[in-house]
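So the structure is just underneath, and the comments pick up after that.
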Amino acid sequence: MNNRRLKMFEIIRGAAAILVALLVATIFIFICSDKPFEALKYMLISPLFTNGGISLNSIFTIMAAMTPIIFTGLAICVMFSSNQFNMAGEGSVMLGGFIAALVGIYFSTGTYLDMVICVLAGSIVCAALMYIPAILKVKLGASEMVSSLMMNYIIMYVILHFLLNVFADGSKGTIQTFPFAATAHIPALVPGGSKLSWGFVVALIFTVLTALFMYRTRWGYSIRMVGINQSFAKYSGMKVGGIIVLSQVIGGFLSGMGGAIEVLGRFDTFLWRDLPGYGWTGITVAILAKNNPIFVPIAAFFIAYLNRGCTLMATYCDVPAEMADIIQAVVFLFFAAEQFLARYRQKLVVAGAKEELEQKKAAPEGGKA
């Protein structure tokens with residue numbers, strides 16, 4: 001009963017944080033917009049409903065936007081569960097997409113195995129790269145947050161060097177690679193020019209696989225135990241260093257897969273010249289999901305819906321699209337604030353403890369009767 005009460009509290013706490021964030025956004029909209037009610041309609045309603053009915057195209061757009069941040073959200077969940085604040089998911093997304101594109105251009109087999117090969121290549125390279133901040137943490141005690149943040153920009157500038165000087169298609173007016181093979185493209189999930197690819201289905205499959213790994217295997221249990229109490233895990237006989245490395249390598253694999261699927265599913269060439277932002281958004285998704293992989297798609301839907309609404313609001317009203325960043329920041333703030341609704345949580349714990357004591361007192365009486 002106590003666990004059920006605490007789970008209900010977390011749901012209420014999350015809903016309250018989102019409502020507070022939307023309230024803050026509403027205040028800003030009323031301050032900066034001449035048509036605040038119209039702006040709110042575009043932000044909150046128009047992503048799903050247009051002209052009095054449900055817009056399938058908008059739904060497909062939201063689902064397509066969910067795909068990469070589901071992968072980065074899962075990656076962050078795994079790494080944060082081991083209490084490792086690795087921030088290199090952003091660079092891993094970019095690198096995974098770049099490697100997948102190069103394999104699709106220069107190593108095509110001409111079969112539809114190309115999709116699998118490209119995605120695995122991008123994922124494996126990123127998993128290997130995440131070994132660097134992990135081993136620096138384990139062997140030298142270096143902060144994984146600092147080393148991984150710096151790694152993002154190293155990855156970006158190395159990619160830009162090779163994109164500009166080695167792999168660029170000189171016949172184009174913009175800086176991009178040559179088109180990758182048609183067999184490397186991840187096909188659309190729905191017809192009609194939608195950007196929603198089968199990568200969305202893959203993201204849902206990996207959500208289930210990640211949840212099973214984290215809650216139904218001894219490796220997942222070890223990762224969570226290291227995150228809860230590293231000293232206890234060490235004295236229990238767990239190889240803490242290896243578990244830390246494992247969590248970050250898995251995070252790199254998932255982030256790289258997200259980048260590879262995003263590039264192969266939405267583009268014909270690789271043309272990112274900056275960090276795409278999916279890794280940073282994945283942190284917000286993981287926080288909203290409370291590091292539980294099962295809740296990652298729900299959190300990703302909220303973020304994608306919010307971004308879509310803010311884009312429509314910026315397009316048709318006088319409110320900037322950066323409003324989405326403000327809302328995400330407020331949500332992040334209240335989720336990270338341990339004292340937010342702490343009194344309500346304390347009341348639930350006390351009520352649960354009293355209920356358990358009453359049940360224990362009543363148990364002998366029931367047995368005598």
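The values are calculated or read from the model by the stated rules, or taken from the named source; none is laboratory data. These numbers come from a predicted model, not from an experiment. Backbone-built Cβ (ideal geometry, glycine too); neighbour counts: all protein chains shown. Surface areas here come from the heavy atoms of the whole protein model, side chains and all, with no ligands, DNA or RNA. Shrake-Rupley method; radii C 1.70, N 1.55, O 1.52, S 1.80 Å.
Could you pull out the longest piece of the chain with no exposed loop GluC sites (Glu not before Pro) in it, calling a site exposed if DSSP puts it outside H, G, I, E, B and it has at most 12 other Cβ atoms within 10 Å?
Details: sites that count: 322, 338.
The answer is 1-321.
If r is the Cβ-Cβ distance from residue 172 to residue 143 and R0 is 56 Å, what FRET efficiency results, to the nearest 0.05? Provide the component values of the computation, followed by the final result.
Values: r = 41 Å, r/R0 = 0.73.
Efficiency computed from Cβ-Cβ geometry: 0.85.
For the chain, the longest principal axis of the Cα atoms and the long axis of helix 113-129 meet at an angle of about 60 degrees.
Report, to two decimal places, the Cα Rg of the stretch 43-128 normalised by 2.2 N^0.38 Å (N = number of residues). Walk me through the numbers before you get to the answer.
On the way: Rg = 17.4 Å, N = 86, 2.2 N^0.38 = 12.0 Å.
Here the Cα radius of gyration is 1.45 times the empirical estimate.
For the stretch 166-217, calculate the relative contact order in percent as a whole number, restricting contacts to Cα pairs under 8 Å that are 6 or more residues apart. Show your work: numbers first, answer last.
Values: 26 pairs, mean separation 8.8, N = 52.
Reported relative contact order: 17 percent.
With the charge dipole of the chain set up from +1 on Lys and Arg Cβ and -1 on Asp and Glu Cβ about the Cα centre, the Cα lying farthest toward the positive end among the listed residues 15, 124, 269 is that of 15. Share of carbon and sulfur in the accessible area of the chain stands at 66%, probe radius 1.4 Å.
Relative to the longest principal Cα axis of the chain, at what angle does helix 240-266 sit, 0 to 90 degrees, rounded to 10? Helix 240-266 sits roughly 50 degrees off the main axis of the chain. Once C-alpha pairs closer than 8 Å and six or more residues apart are averaged by separation and normalised to the residue number of the stretch 210-275, the relative contact order reads 18 percent. The gain in end-to-end length when the residue 83 to residue 161 segment is fully stretched comes to 24.7 nm, 0.36 nm per residue minus the alpha carbon separation.
So what is the orientation-averaged projected area of the chain, using the convex hull of its C-alpha atoms, in nm²?
On the way: hull surface 99.0 nm².
Over every viewing direction, the Cα hull of the chain projects on average to 24.8 nm².
Against the chain, whose longest principal axis is taken from its Cα atoms, helix 296-316 shows a tilt of about 60°. Across the stretch 62-147, the relative contact order, built from alpha-carbon pairs under 8 Å that are at least six residues apart, equals 28 percent.
Grab the DSSP H runs of the chain that are 4 residues or longer, score each as -39,500 (n - 2.57), total them, divide by all residues and round the 222 nm result to the nearest 500 deg cm²/dmol.
For the chain, the value works out to -24000 deg cm²/dmol.
Rounded to the nearest 20 debye, the dipole size of the chain about its Cα centre is 1460 debye, using +1 on the Cβ of Lys and Arg and -1 on the Cβ of Asp and Glu. Pick out which of 284, 183, 72 has the largest mean-square fluctuation in a Gaussian network model of the chain, springs linking Cα atoms closer than 10 Å. Its mean-square fluctuation being the largest, the pick is 183. So if we plug the beta-carbon distance of residue 15 and residue 329 into 1/(1 + (r/R0)^6) with R0 = 22 Å, what FRET efficiency do we get, rounded to 0.05? The calculated FRET efficiency here is 0.75. Over the stretch 213-302, the ratio between the Cα radius of gyration and 2.2 N^0.38 Å evaluates to 1.32.
Segment residue 113..residue 37, full-extension length gain: 22.3 nm, with 0.36 nm per residue of separation and the alpha-carbon distance subtracted.
Taking 29 Å as the cut-off for C-alpha to C-alpha distance, list the pairs among 137/347; 41/195; 290/354; 172/195; 234/361; 239/290 that go past it. Mind dumping the intermediate values first?
Values: 137/347 39 Å; 41/195 25 Å; 290/354 27 Å; 172/195 23 Å; 234/361 38 Å; 239/290 25 Å.
Result: 137/347; 234/361 exceed 29 Å.
Report note on the peptides 158-164, 239-245: ranked by the mean count of other C-beta atoms within 10 Å, highest first, their order is 239-245, 158-164.
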